[in-house]
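The structure appears below as structure tokens.
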Amino acid sequence: MASEASEKKMEVITTHMNADFDALASMLAAKKLYPEAKMVFPGAQEKNLRNFFLHTSSYLFDFLRIKDVDFNAIRKLILVDTRQKKRIGKFKKLLDRSDLEIHIYDHHPPSDDDIKGDFELIRELGAGTSILTAIIREKGIKISPDEATLMSLGIYEDTGSFTYSSTKAEDHESAAWLLEQGASLNTISDMLTRELTAEQVWLLNDLMASATKNIINGVEVVIAKTKSDRYIGDFAVLVQKFMEMENLNVIFALAQMENRVYLVGRSRLPDVNVAEIAFEFDGGGHPQAASATIIGKTLIQVEEDLNTLLVSRINFERLAKDIMTSPAIHILPEATLKEAGDILTSYNINVLMVIDENTKLKGYISRPMVDRAVFLGLEERPVKEYMNVEFFHVKPETTLNEIQDLIINNKVRILPVLEDSKLLGVITRTDFLTILIEKSPTPQFLYDSEEIPRFVREKNIGNLLKERLPNKIIKLLKHLGETADKLDFNAFLVGGLVRDVVLKRKNFDVDIVIEGDGIQFAKTFADHFDAKVRSYPKFGTAVLVMPDGFKIDVATARIEHYESPAALPVVKLSSLKRDLFRRDFTINTLAVHLNKGHYGTLIDHFGAMRDIKERVLRVLHNLSFIEDPTRIFRAIRFEQRFGFKIGKLTESLIRNAVNINCFENLSGQRLFIELKLILKEEDPIGAIERMDGYDLLKIISPGLKLTEEVKNVLKEIKGVLVWFNLLYLSVIYKPWKVYFLGITSSLSDDDLDNLITRIQPQDKEILSMLSDRQEVRQALKELSRLKDKKNYSLYRILSPLSPEILLYGMAKTKSEKIKRSISTFFTKLKGTKIFIKGKDLIDMGYKPGLLFKEIFQSILEAKLEGDISTREDEIKFVNNRFGHLIDR
């Protein structure tokens, strides 16, 4: 049967993925020209189109599901409203067949991805339906009013009801003819001018609130973004409304919905072709209107890619300072060739600049040279012996044409950008060529961005800082800003303190990032304010210790690379934005400018304020958990602490990281640090349950499971700790250790011993937890067998145990009698002391020896049982019981 089906020739009409009304109308029109052909969508349709099928007489149109198509039988493929390979889904695999005849009807401008057809009718009109309507009209083919209405819908939608600049006279003529054939304008109006839902209104408001004006190569481009954990339809309609309301020339809107990012672009300027931008994201459209759907990237990553593309696509006379990469990766002349090779490999570059301690350029060394030298056994020789010392260079103001002349005509591999012999940055041959072919990985700082005044006011939180922080810290922050001004550096308050100021949570941990030299900054500040400095040159960080002991962490703005998953990062100098991009979650990327002229200005590059408002936790890029798996534990900790929710894409990335076992290279010590921080939270049970949900407990120990019994123990621990804290005793204890005993309560002694060996804890009490657990087990047995109700017997059993072990035992036991016994110990017996000492006994005439121990134990027992209480009682008790043993 299969072979018979394959022998039968088949014609198929199809269009692009995420089909809209113009695509549907073009397919229907093509059906009139190819009556034997089957109409097949290559994939999903836009939501408004799906709704159309639900609420109209779709039985009139003969559509075949793609899963029912015999691809081997297809001999003719009719493409409408597209000719791009990557937009036709599974039909792409047919294109290499020599026996396939391809007919194309399209109105989009050409692209590098275009399919070559045996027959092509390409006209750049406002709608693809207009092309096919003209043919139907010319051939005198009759259509029904329903067909005329649907075909009109396609034209009206793709021309923006004839308002888009791409609209041509032919679009009007086709629409007029369809109206003569009975097209219903009422139906068209109902479909295209539907009232916005509450969710769509919220989305539109969010777009307007987030909009920023970017002056890119002299062109004003508005970029807006929004997020929603669920899909909200008609995003393109909302973007068009926004554009019309604010009379914008160019807008790009991004929406992260579920695990996808949707991009919609609109342009009224010939200099900005939004279809080219959409094409780079595997989307498409027209120069004036285009869209794309991106999977596998976060909103922040897509925005970064978009910014890079815009810089390369909107042309202007670039200067060397605009296109150089800065700071350049470099090495000192005295460093070894082996070190040079390691840097070249770590940063995936082919040429390494050689500079002295004053940043003056001495030469450069290439990867082939280093590889050859290492092969010859010269890896320990200094770089200066083999570096190239003759090189072309340019100044910051050198034009792109001059750069082109040097790179192409002189075959230059890399161009240093120098000012007074000092290295500012580099332009590589790859950088230059990618700019020429408009696929430039241009640095983010090549465009200026400012918030649009009518959408968002500039945010200054100076008053909020004053309200939330002690006056001592406010004074320190201002002094830090003044020091930065003197050094011509930029100083920023970053990290958890800024986040917690916004969240109105207590946090006085001051972290400062310096655009400049963080260690130099710290030393200068210390000289003026009598502080001490501990510096760490390898990481460009320092700790300032004020005279009263208050500490301030100072870091140089830096980028990091990871030599392997779970490894500690290697750092290099960078700018604030790059420094913030290396952080774990968007909510931790807020910064506050401290320099006097900008004091209190809140900097939010990555949508942290919006995520805080929505109470959502998101990573900045999709390799975040692969690079540093401990971020997964932090995500859980922050989610539970702040009452946030992990975003859907972030959750998907967590599960992927767990599935590929990215913890393989993670040391037990780092793992334990993160587990300890979770257990230190006020109520860690929710986080433990989340760890179990992500299958993380097995990472800590293969035998660790959140069984019902363990859940009950953790619940009891929570209740016991609440009770204990309400006693207001002066007992110092660590609640996290009680939870550690609880979460590991299902492990065998061998498994717990293996876990403790793996995590290599520095805490001696953790090292002894196995023996402690065995002791509490024995203590519970003794308490269960205890016949008498004497306090001394209770004290003798429980006093050797730490508070954490006792509280764990109280939660672990199911015996109410034992619980009461431990409660009695804490409230009445623990801390009982006797007054008289050995010297007192000697003064009373007793001879030192084993007798002293017996006397002290007897006094303690009598005191615990309530027989004596004062010092006089103790002396009287000793004389009465042991007076006959006095050495006379």
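The values are calculated or read from the model by the stated rules, or taken from the named source; none is laboratory data. Since this is a predicted model, take the numbers as computed values, not measurements. So basically every Cβ, Gly included, is an ideal-geometry build from the backbone, and we count neighbours across all protein chains shown. In case anyone asks, the SASA skips ligands and DNA or RNA and just uses the protein heavy atoms, side chains included. Shrake-Rupley method; radii C 1.70, N 1.55, O 1.52, S 1.80 Å.
Assorted remarks:
- Modelled FRET efficiency - R0 45 Å, residue 332 with residue 753, Cβ distances, 0.05 increments: 0.40
- The range 657-788, relative contact order in percent, only Cα pairs under 8 angstrom and at least six apart counted: 31
- Low-density loop positions, trypsin sites (Lys or Arg not before Pro), the range 737-791 - DSSP coil, at most 12 other Cβ in 10 Å: 787, 789
- Degrees, to the nearest 10: 871-882 long Cα axis against longest axis of the chain: 60
- Once the C-beta distance of residue 785 and residue 534 is scaled by a Förster radius of 51 Å, the resulting FRET efficiency is 0.35 to the nearest 0.05.
- Charged-residue dipole, Cβ positions (Lys, Arg, Asp, Glu), the chain about Cα centre, Debye nearest 20: 4080
- Label point distance in nm, residue 507-residue 202, each placed 7 Å from Cα along Cα→Cβ: 2.6
- Crossing angle, helix 337-346 versus the chain [Cα axis fit, 0-90 degrees, rounded to tens]: 70
- Within the range 812-871, trypsin sites (Lys or Arg not before Pro) in DSSP loop having at most 16 other beta-carbon neighbours inside 10 Å: 814, 830, 833, 837
- Counted by Cβ distance under 12 Å from residue 173, the other residues give a net charge of -2, where Lys and Arg count +1 and Asp and Glu count -1.
- For residue 360, the lysines whose Cα falls under 20 Å of its own Cα, not counting residues fewer than eight places away in the same chain, are 321, 384, 395, 422, 572.
- With the gyration tensor restricted to C-alpha atoms of the range 126-192, the semi-axes of the equivalent ellipsoid amount to 17, 15, 8 Å, longest first.
- In this structure the amide hydrogen of residue 38, modeled in the peptide plane, comes within under 5 Å of the amide hydrogens of 11, 12, 13, none closer than 5 places in sequence on its chain.
- The chain, relative contact order in percent, only Cα pairs under 8 angstrom and at least six apart counted: 6
- Computing FRET efficiency as 1/(1 + (r/R0)^6) for residue 356 and residue 621, where r is the C-beta to C-beta distance and R0 is 30 Å, gives about 0.30.
- Surface composition of the chain: carbon plus sulfur atoms contribute 49% of the solvent-accessible area (1.4 Å probe, protein chains only, all chains present).
- Degrees between helix 749-759 axis and first principal axis of the chain (Cα, 0 to 90, nearest 10): 70
- Charging the Cβ of each Asp and Glu at -1 and of each Lys and Arg at +1, and nothing else, the dipole of the range 616-753 about its Cα centre rounds to 580 debye.
- Across q = 0.20, 0.21, 0.25 Å⁻¹, the range 366-426 modelled as identical point scatterers on its alpha-carbon atoms has Debye log10 I(q)/I(0) values of -0.84, -0.88, -1.02, in the order of the q list.
- At q = 0.08 Å⁻¹, base-10 log of I(q)/I(0) for the chain (Debye sum, equal scatterers on each alpha carbon): -0.95
- The candidates 642, 877, arranged from most to least accessible area with a 1.4 Å probe in the full protein assembly, appear as 877, 642.
- Projecting the Cα positions of 864, 477, 626 onto the charge dipole of the chain (unit charges on Cβ atoms of Lys, Arg, Asp and Glu, taken about the Cα centre) puts 864 furthest along the positive direction.
- Ranking 236, 253, 849 by Cα position along the charge dipole of the chain, where only Lys, Arg, Asp and Glu carry charges on their C-beta atoms, puts 849 farthest toward the positive end.
- Centroid-to-centroid separation of the range 150-171 and the range 615-688 [C-alpha atoms, Å]: 50
- Greater than 20 Å apart at Cα, pairs in 486/596; 139/168; 475/523: 139/168
- Spatial separation of Cα centroids for the range 321-337 and the range 721-744, in angstrom: 53
- When the charge dipole of the chain is built from unit charges on Cβ atoms (+1 for Lys and Arg, -1 for Asp and Glu) and taken about the Cα centre, the candidate among 309, 760, 697 whose Cα reaches farthest toward its positive end is 760.
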